[in-house]
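Asks: This is the structure, below, for whatever I ask next.
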Amino acid sequence: MSAAMTQTTAASPVKRRFDGKRIALTCVLAFGAFTMIVPFLWMILTSVKGPGELIEFPPTFWPKEWAWSNYAEALDAAPFATYFRNSFIIATGHTIITLIFGAMAGYALARIPFRGRELVFLGFIAMLMIPTYTKIVPQFLIVKFMPLFGGNDILGQGGSGWLNTWWALLIPGGLSPFAIFLFRQFYLSLPRELEEAARIDGLGEFRIWGQVYTPLIKPALATVALLTFQDSWNNFLWPLLVTTRDDLRVIQVGLAVFRQEETTQWAYLMAGSTLATIPMVLLFLVAQRYFIQGFTNAGIK
Amino acid sequence: MTSWTRRGAAALLAAATTSLVLAACGDDSETSSENGSGDGQVSGELTVLTPIFEGAEGKALLEEELLPQFYEQYPDVTVTVDYTDYGSLNEKLTTAVASGLVPDVMMMGVGWIEAFAENGILADLGELGITVDDLSEDFTPEILAGGVWQDDLYAIPIMLDTRFGIARKDLLAEAGFDEPPSSLEELREYAIALTERDSGGQLQRAGFDMLSMDLRQMYEVFLFAHGGSLFSEDFTEPTFNSPEGVAALQYLVDLMHEDRVEDIGFSSTDIDVHPLLNDRAAMAVGHNNLWIQLQEAAPELADQLVPFTITGSEPGMFFGGTLATVSAGSDHPEAAAALVEFLTGPEAALGANEQRGNVPARTELLDSEYVQNNPLVQFAMENLEIAQREGGVPQWLEIRGDFTPAIEAALLGEKTPQQALDDLAGEAREAMAR
Amino acid sequence: MTTKPSGTVAGSEPATARRWRSRRRPSASRKLRRAGWLMVAPALGHSILWIAIPVLATLVLSFTDYRVISAPRWVGLDNYIEIWNDAVFRKATWNTIVYTFFTVPVSMAVAVVIAVLLNQRIVGRTLYRAAFFLPHVTATVAIAMVWLWMYNPQYGLLNGLLSIVGLPGQVWLGNPDWALWSVIIVGIWQGIGIKMLIYLAALQNIDPNLYEAASIDGASKIQQFFSVTLPMLKPATFFVFVVSIIGAFQVFDQIYVLTDGGPANATTMMTYEVYRSAFQNFRMGMACAQSVVLFAFLIVLTVVNRRLTGGDDT
């Protein structure tokens, strides 16, 4: 039913198919989309070029010979299987933490009146405003002086805290105010009749959150999941800083092997980057399937 | 009531913050006062932070080939290696020092030692039995000086990155020159002759490429060639704005604007291919590891690349590099010193250099097969006695970042060379006074 | 705080009335309040530990000379005075403002239009959506290389196009007059994808009946966009706007890979200076002070924005 409604916005496509405006629009869209794809294409095409072709001038776009062996050679340059697994665990962990606690906080900020709510909300926004580079040293110190972990005493002295542990990789980056903020906005856009009805029915807030509202914001859940996963997948500096062991390192650290002070091994770097990007593209394709009318008429008369 | 709690919470946070910082500092001084008790048997668990030996290949070299030899000599020592890349070395070192968990052995660059030694983070290797005199047979004095701070040795070089002139023999020959230029006048003359533009004035080939190299390091080559220096002998004053320094920058500005041997934007440090390799430049200030790129991408040019020293009142050549140090807070200083000696020793250093295409710091390695088969590295090693380094003052890390914008300002004509360097010297003086 | 509490019935009541009511019906209201705090607590605790404390540390350290490799030394306002007199940081501030002023509105406008277009049933919709999101997942270095190629004065696409229409080419990234604009174009281009994604998600929550009602009233597609779509997207727009401004003020990657702040500091930005101070110059105290200045700009912008737009009440 609601699908039919959406179609009304694109009123009877058949009749308009040869409309000049529509063709112009398609052209603009197609051109825009093309400019967005070019770097991605370049990445893939470069990943299969041989060294001799890479230095040609003017640079070629389409490879003359497809050196697929670059992929095997790139994968040999670092323990990518381990890195891949680690990145996957971390990104999944961050996504789960964010989806549960971020959505919960976002809901409370949007729909539950409590004193100090506005202050908490502005606090979350304010926390986005300090650049990583100045926060990172204090964050590192908190990890290192985490009491009772890694040989530390109750005051956090004597050991290495969370350094070289999964805790350091999973917890500090687990939740971003960005996600909380986004969730809040989505919960905010839903009608309030739902909560009033549910509260009158005697439902607890956790159930209203989990059973009434959250199912209605699947597009938001998909968006946040996608962005969170991708953010932590691309994380480089933090995992490098808090670990010293190779078996805890992540995929971006592996890719850094191809970029050295004076030279970059372009073909390998692009081969590795392509492999690192494909899961993200797949994830997007899965996530965007949830971009369907989340708003059902459930509960509204 | 709420305001009370809020204030209380704020106080708590502030206290937590300061205690973190204090704890970090406290930790630092505490550990640095500790001294190893390793009389007799050298033992302990060592941690190493290294930006070299990177990738699976480097790791295999270090942990499967080299370290087993070290363990044979020191069976009671174990080594854990933390690999990083050069781009993140600052961050790794910084956070390590801040938290007090400093690796026993750290590798760092030329120009860094001064700051870390000044702040008491590095162990004086002399106290661990390694002195400048011991090493003076194995290294040239200027190379060793990169590891010395106030007459004490804090670091031993492993590998060098050198910058010097590189020319394309075939392109020189086309223009009727048999040899690379031997003076600044010749360099200018050759560069003009070798520059090619199309009918529209578009630059097709730069006679002399200055822009593919980090501008600071490129300038330093010319500063040294003009007989200038970065700082006074006692390292109390910047001297790059001396007449020699200004003449060096003026020379570069003239090459760009009067002689038009290259245009702004023709090349940059971001380029993926060095212009010497695809005929877009006939001469350049180059790095020794250009040879690696050549072997991969354009092996047919192997006979065509000729290195030369850029020579003004004296020959100018620049070197940076990687040195090994021992943490002042190490629990096992003897073991750490032994590891540093091993890593900077001929075999380990040779392997590390070969992997990166760099110049071994040890003089004896000139005869090695690797060096003999790499003309650029061989050239660098044969000329090590003229190579000069950057740094010298503990504030160097603070000053160096301002060089590139200053040189850009001069090359773009926004400032005269004198102005640009005077302003830069002013900033340097401020930093040194802080 | 200064703005109207948003979103719910109880929130719009004056505080006194609420308190009075809560005394009369203590259980329901207190339960609600407790539930609110309970649901916020885990996220709040996490953020306080991992962000608020580091932010406070930043504030404290901004009054020190802290080299990280040596202990912090209290210097009072010295860092701020130096920032005030620092021509490079002033330039960075100006560049950041210009960058934000141009990238945020343009990429938001383009993103919302594309989101609306891609919310319709058009052929290849999924492909288009994926395409517009691709820059967000493509390796930053690959993006940088393609743009460096576009802007290359010798063989770049841009100068090629200009020469077709008979205009002289430019040294885009090497010319101080053009470099900032070149970076801004990349910023707009790169910012579209994620904004589009958020708008696309938000569009799903608009009640289709509203469009039906509007079209019965005879509103054209364009009129519907302004009378239904945009007002219903207000919460999303508030989010995108605030987050984009914060993001634009902290632009770093583009600068790092495209220009390194050059030529001659023409494209340096506040966050780039923070990075340089912190990890190139080893002056963490200065980096902290620069961050606090950046923070102050953003707080003012956000509060003004919230005042002007009345927040995001639906």
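The values are calculated or read from the model by the stated rules, or taken from the named source; none is laboratory data. Source: prediction; values computed, not measured. Glycine gets a Cβ as well: all are built from the backbone with ideal geometry, and neighbour counts include every protein chain shown.
Asks: Would you kindly identify the helices (runs of 4 or more DSSP H) lying entirely within the range C:24-89 that contain at least 3 residues that are surrounded by 16 or more Cβ atoms within 10 Å (Cβ to Cβ) and more than 12 Å from chain A (Cβ to nearest Cβ)? Working first, answer last.
Replies: Details: elements: C:26-47, C:53-61, C:78-85.
In the range C:24-89, C:78-85 are the helices (runs of 4 or more DSSP H) which contain 3 or more residues that are surrounded by 16 or more Cβ atoms within 10 Å (Cβ to Cβ) and more than 12 Å from chain A (Cβ to nearest Cβ).
Asks: Among the listed residues B:S3, B:S43, B:S19, which satisfies the condition of being modelled with pLDDT under 90, within 23 Å of B:T344 (Cβ to Cβ) and not aromatic (F, W, Y)?
Replies: On the way: B:S3 fails: within 23 Å of B:T344 (Cβ to Cβ); B:S19 fails: within 23 Å of B:T344 (Cβ to Cβ).
Within the list B:S3, B:S43, B:S19, the selection yields B:S43.
Asks: Given the structure, is B:L276 without any contact (Cβ under 8 Å) to a residue 40 or more places away in the chain and either touching a strand residue (DSSP E or B) at 6+ places or on another chain (Cβ under 8 Å) or assigned by TED's automatic domain parsing to the domain that holds B:R197 (or both)? If you could, list the steps in order and put the result at the bottom.
Replies: Numbers: without any contact (Cβ under 8 Å) to a residue 40 or more places away in the chain: no; either touching a strand residue (DSSP E or B) at 6+ places or on another chain (Cβ under 8 Å) or assigned by TED's automatic domain parsing to the domain that holds B:R197 (or both): yes.
When the stated conditions are applied, B:L276 does not pass them.
Asks: Within the range B:63-100, track down each residue that is farther than 25 Å from C:Y66 by Cα, in contact (Cβ under 8 Å) with a residue 60 or more places away in the chain and within 13 Å of chain A (Cβ to nearest Cβ).
Replies: Residue satisfying the conditions is B:V79 alone.
Asks: Those residues that are among the hydrophobic types (A, V, I, L, M, F, W, C) and surrounded by fewer than 22 Cβ atoms within 10 Å (Cβ to Cβ), I need them from the range B:404-434; list them, please. Reasoning before the result, please.
Replies: Taking the range B:404-434 as the starting set, the residues that turn out to be among the hydrophobic types (A, V, I, L, M, F, W, C) are B:406-407, B:409-412, B:420-421, B:424-425, B:428, B:431-433.
Listed by number, the residues that qualify are B:L412, B:A425, B:A431, B:M432, B:A433.
Asks: Quick check on A:G102: is it crowded, with 20+ Cβ neighbours inside 10 Å and at pLDDT 95 or above?
Replies: Working: crowded, with 20+ Cβ neighbours inside 10 Å: yes; at pLDDT 95 or above: yes.
The answer is yes for A:G102.
Asks: Which condition breaks for B:I156 when tested against (1) assigned by TED's automatic domain parsing to the domain that holds B:I310; (2) crowded, with 24+ Cβ neighbours inside 10 Å; (3) of a type in the set (V, I, T)?
Replies: The number of the failed condition is (1).
Asks: The conditions are (1) surrounded by fewer than 19 Cβ atoms within 10 Å (Cβ to Cβ); (2) at the interface with another protein chain (Cβ under 10 Å from one of its Cβ atoms); (3) more than 26 Å from B:T404 (Cβ to Cβ), and C:F132 fails exactly one of them. Which is it?
Replies: (1)
Asks: In addition: C:V123 - would you say it is more than 8 Å from every other protein chain (Cβ to nearest Cβ) and farther than 24 Å from B:S268 by Cα? Outline the logic, then answer.
Replies: Working: more than 8 Å from every other protein chain (Cβ to nearest Cβ): yes; farther than 24 Å from B:S268 by Cα: yes.
Judged against the criteria, C:V123 is a match.
Asks: Another question, then. So, in the range A:161-175, of the ones that are touching a Leu at 6+ places or on another chain (Cβ under 8 Å) and buried (at least 21 other Cβ atoms within 10 Å of the Cβ), which residue ends up farthest from A:L122 (Cα to Cα)?
Replies: Filtering the range A:161-175 for residues that are touching a Leu at 6+ places or on another chain (Cβ under 8 Å) and buried (at least 21 other Cβ atoms within 10 Å of the Cβ), the one farthest from A:L122 (Cα to Cα) comes out as A:L163.
Asks: Of the residues A:G102, A:G93, which single one is part of a helix (DSSP H, G or I), more than 7 Å from chain C (Cβ to nearest Cβ) and among the small types (G, A, S)? Write out each step before concluding.
Replies: Details: A:G102 fails: more than 7 Å from chain C (Cβ to nearest Cβ).
Just one listed residue meets the conditions, A:G93.
Asks: I'd like the full set of residues that are in contact (Cβ under 8 Å) with a residue 12 or more places away in the chain and either among the aromatic types (F, W, Y) or part of a loop (DSSP other than H, G, I, E, B) (or both), limited to the range C:215-258.
Replies: Within the range C:215-258, C:F225, C:L233, C:F238, C:F239, C:F241, C:F249, C:Q250, C:V251, C:F252, C:Y256 qualify.
Asks: Could I ask something else about it? If we only count helices (runs of 4 or more DSSP H) wholly inside the range A:107-185, which ones have 1 or more residues that are more than 7 Å from chain C (Cβ to nearest Cβ) and at pLDDT below 90?
Replies: Working: elements: A:117-126, A:132-144, A:166-170.
Fully inside the range A:107-185 and qualifying: A:132-144.
Asks: Going by the conditions given, is C:S291 among the polar types (S, T, N, Q), at the interface with another protein chain (Cβ under 7 Å from one of its Cβ atoms) and part of a helix (DSSP H, G or I)?
Replies: yes
Asks: So which pairs qualify, if the first residue must be in the range B:109-136 and at positive phi, the second must be hydroxyl-bearing (S, T, Y), the Cβ gap must be under 7 Å, and the two must be at least 6 apart or on different chains?
Replies: B:G120/B:S32
Asks: Taking the range C:113-160, which residues are within 21 Å of A:I55 (Cβ to Cβ), without any contact (Cβ under 8 Å) to a residue 24 or more places away in the chain and among the β-branched types (V, I, T)?
Replies: C:V146
Asks: Report the residue count in the range C:246-288 for those that are away from chain B (no Cβ under 14 Å) and either over 29 Å from C:K195 (Cβ atoms) or β-branched (V, I, T) (or both).
Replies: 3
Asks: Of the residues that sit in the range B:275-290 and are part of a loop (DSSP other than H, G, I, E, B) and within 8 Å of another protein chain (Cβ to nearest Cβ), which one is surrounded by the most Cβ atoms within 10 Å (Cβ to Cβ)? Please lay out each step first, then the result.
Replies: Looking only at the range B:275-290, we keep the residues that are part of a loop (DSSP other than H, G, I, E, B), and these are B:275-280, B:282, B:288-289.
Filter once more, keeping what is within 8 Å of another protein chain (Cβ to nearest Cβ): B:277-280, B:289.
Numbers: B:L277: 21, B:N278: 17, B:D279: 17, B:R280: 25, B:N289: 21.
Residue satisfying both the conditions and the ranking: B:R280.
Asks: Filter the range A:231-248 for residues that are in a helix (DSSP H, G or I) and among the charged types (D, E, K, R); which is nearest to A:I171 (Cα to Cα)? Outline the logic, then answer.
Replies: Initially, the range A:231-248 is screened for residues in a helix (DSSP H, G or I), giving A:231-233, A:237-242, A:246-248.
After this cut, where a residue has to be among the charged types (D, E, K, R) as well, the list is A:231, A:246-247.
Details: A:D231: 14, A:D246: 20, A:D247: 18 Å.
Filtering first and then ranking leaves A:D231.
Asks: Kindly indicate whether any position in the range A:212-225 is touching a helix residue (DSSP H, G or I) at 6+ places or on another chain (Cβ under 9 Å), in a helix (DSSP H, G or I), among the polar types (S, T, N, Q) and surrounded by fewer than 23 Cβ atoms within 10 Å (Cβ to Cβ).
Replies: yes
Asks: If you don't mind, another one. Kindly indicate whether any position in the range C:151-160 is within 30 Å of B:G200 (Cβ to Cβ), at the interface with another protein chain (Cβ under 8 Å from one of its Cβ atoms) and exposed (fewer than 15 other Cβ atoms within 10 Å of the Cβ).
Replies: Checked against the condition, which is being within 30 Å of B:G200 (Cβ to Cβ), at the interface with another protein chain (Cβ under 8 Å from one of its Cβ atoms) and exposed (fewer than 15 other Cβ atoms within 10 Å of the Cβ), the range C:151-160 yields at least one hit.
Asks: Looking at (1) touching a residue at least 60 places away in the same chain (Cβ under 8 Å); (2) closer than 30 Å to C:M269 by Cβ, can you tell me which one A:R111 breaks?
Replies: Evaluating A:R111 over (1) touching a residue at least 60 places away in the same chain (Cβ under 8 Å); (2) closer than 30 Å to C:M269 by Cβ leaves (2) as the failure.
Asks: Would you check if A:L75 is more than 8 Å from chain C (Cβ to nearest Cβ) and touching a residue at least 24 places away in the same chain (Cβ under 8 Å)? Working first, answer last.
Replies: Numbers: more than 8 Å from chain C (Cβ to nearest Cβ): yes; touching a residue at least 24 places away in the same chain (Cβ under 8 Å): yes.
So A:L75 passes the test.
Asks: Another one. Say we look at the range B:101-129 and pick out the residues that are more than 22 Å from B:T80 (Cβ to Cβ) and more than 20 Å from the chain's Cα centre (by Cα); which of these is farthest from the other protein chains (Cβ to nearest Cβ)?
Replies: My answer is B:G129.
Asks: With the checklist (1) more than 30 Å from B:Q250 (Cα to Cα); (2) crowded, with 21+ Cβ neighbours inside 10 Å; (3) within 14 Å of chain A (Cβ to nearest Cβ) in hand, flag the one item B:D331 doesn't pass.
Replies: Failing condition for B:D331: (2).
Asks: Do we find a residue being aromatic (F, W, Y) and in a helix (DSSP H, G or I) anywhere in the range C:165-175?
Replies: Filtering the range C:165-175 down to residues aromatic (F, W, Y) leaves C:172.
Retained after the next criterion (residues that are in a helix (DSSP H, G or I)): none.
No.
Asks: In the range A:44-90, which residues are aliphatic (A, V, I, L, M) and not in a helix (DSSP H, G or I)? Working first, answer last.
Replies: Of the range A:44-90, the ones aliphatic (A, V, I, L, M) are A:44-45, A:48, A:54-55, A:67, A:72, A:74-75, A:77-78, A:81, A:89-90.
Selection gives A:V48, A:I55, A:A67, A:A77, A:A78.
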